[in-house]
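Peer 1: Pasting a structure here, questions to come.
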Amino acid sequence: MSAELGDMSEHNIDERFTAPYWDERYGSATRIWSGNPNPQLVREIAGLEPGTALDAGCGEGADAHWLARQGWRVTAMDVSTIALERGAAHAEAEIADRITWRQADLTNWQPEDSYDLVNAQFIHFPPELREPVYARLAAAVAPGGTLLVVAHHPSDMHTSMHRPSEPDLFFTAEELAESLDGKEWEIVTTAARPRSTTDPEGRETTIRDTVLRARRRP
């Protein structure tokens, strides 16, 4: 899920971080996203042995569905109850019991369990929120488990794609990797991976995904 976020002040969280904003956005259409799993998830995780997974900011559930089909037991978490209800409704019968749908706000969520995989796709906050959010997501990874973070790369601001105008919302994989303790984490992937897409005017363009994959040492 990619959030189009605005400014923050010390005492006011922009409405675009909130459940009402996302419920309204999801309620405005029968489907917001493509229904396909994010390609970097498929590329980075396909070879891992299935276990337990947290899909943070799961949106309409495409990644959670894909993970469940691969044999993972998934906790799919999002701030929007409408998105969660839609994801649950579209889960095929053979995978429905592999997914638990949970409403939570990442800005104040605290991990209570640990997972073999924590998947965070296109979750964009300004640094003062991003750092604690990703620290908590990392803390939810079990020993030997994997943290996968995918985001819009800063270079996307200079493409024809519509991206927020706040540079602080974007980050590189290397910047995020620096926040992980090297004694505790093995960095597997840091990339600005190119991907072809179609911009809002229908033109083919190349964007880059920030991709960080890290393994928590046993």
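The values are calculated or read from the model by the stated rules, or taken from the named source; none is laboratory data. These figures come from a predicted structure and were not determined experimentally. Quick reminder, even Gly has a Cβ in these numbers, built from the backbone with ideal geometry, and neighbours come from all protein chains shown. Quick note on the areas: whole protein, heavy atoms, side chains included, nothing else; ligands and nucleic acids left out. Shrake-Rupley method; radii C 1.70, N 1.55, O 1.52, S 1.80 Å.
Peer 1: Here are several values of Cα extents along the principal axes in Å: (i) 41, 41, 40; (ii) 57, 38, 30; (iii) 64, 42, 29. Which one was derived from the coordinates shown?
Peer 2: Identified label for the calculated read-out: (i).
Peer 1: On to the next question. With charges only on Cβ, +1 for K and R and -1 for D and E, what is the dipole size of segment 28-101 about its Cα centre, in debye, rounded to 20?
Peer 2: Values: 6 positive and 10 negative charges, 19 e Å.
About 80 debye.
Peer 1: Using +1 at the Cβ of each Lys and Arg and -1 at the Cβ of each Asp and Glu in segment 69-189, identify which of 150, 80, 173 lies farthest towards the dipole's positive end.
Peer 2: Farthest towards the positive pole: 80.
Peer 1: Give me the percent of the accessible area of the chain that comes from carbon and sulfur atoms, probe 1.4 Å, all protein chains in place. Could the numbers behind the result be given before it?
Peer 2: Values: 4790 of 10440 Å².
Looking at the chain in its full context, I get 46 percent from C and S.
Peer 1: Give me the 1.4 Å probe accessible area per residue for the chain, excluding ligands and nucleic acids, in Å².
Peer 2: Details: 10440 Å² over 218 residues.
Averaged over the residues of the chain, the accessible area is 48 Å².
Peer 1: Based on Cα coordinates alone, diagonalise the gyration tensor for segment 55-176, multiply each eigenvalue by 5, take square roots, and list the semi-axes in whole Å, largest first. Don't jump to the answer; show the numbers that get you there.
Peer 2: Numbers: eigenvalues 128, 60, 36 Å².
Whole-Å semi-axes of the equivalent ellipsoid: 25, 17, 13.
Peer 1: How much net charge surrounds residue 142 when only the other residues with a Cβ under 10 Å from the Cβ of residue 142 are counted, with Lys and Arg +1 and Asp and Glu -1?
Peer 2: Here the count lands on -1.
Peer 1: DSSP beta bridges in the chain, what fraction antiparallel, as a percent rounded to 5?
Peer 2: 50
Peer 1: What is the dipole size for the chain, taken about its Cα centre, with +1 at each Lys and Arg Cβ and -1 at each Asp and Glu Cβ, in debye to the nearest 20?
Peer 2: Working: 21 positive and 36 negative charges, 149 e Å.
Result for the chain is approximately 720 debye, rounded to the nearest 20.
Peer 1: Also, I was wondering about something else. Grab the other residues whose beta carbon is less than 10 angstrom from that of residue 208, score K and R as +1, D and E as -1, and report the net.
Peer 2: Working: positive: 193, 195; negative: 156, 209.
Charge balance near residue 208 sits at 0.
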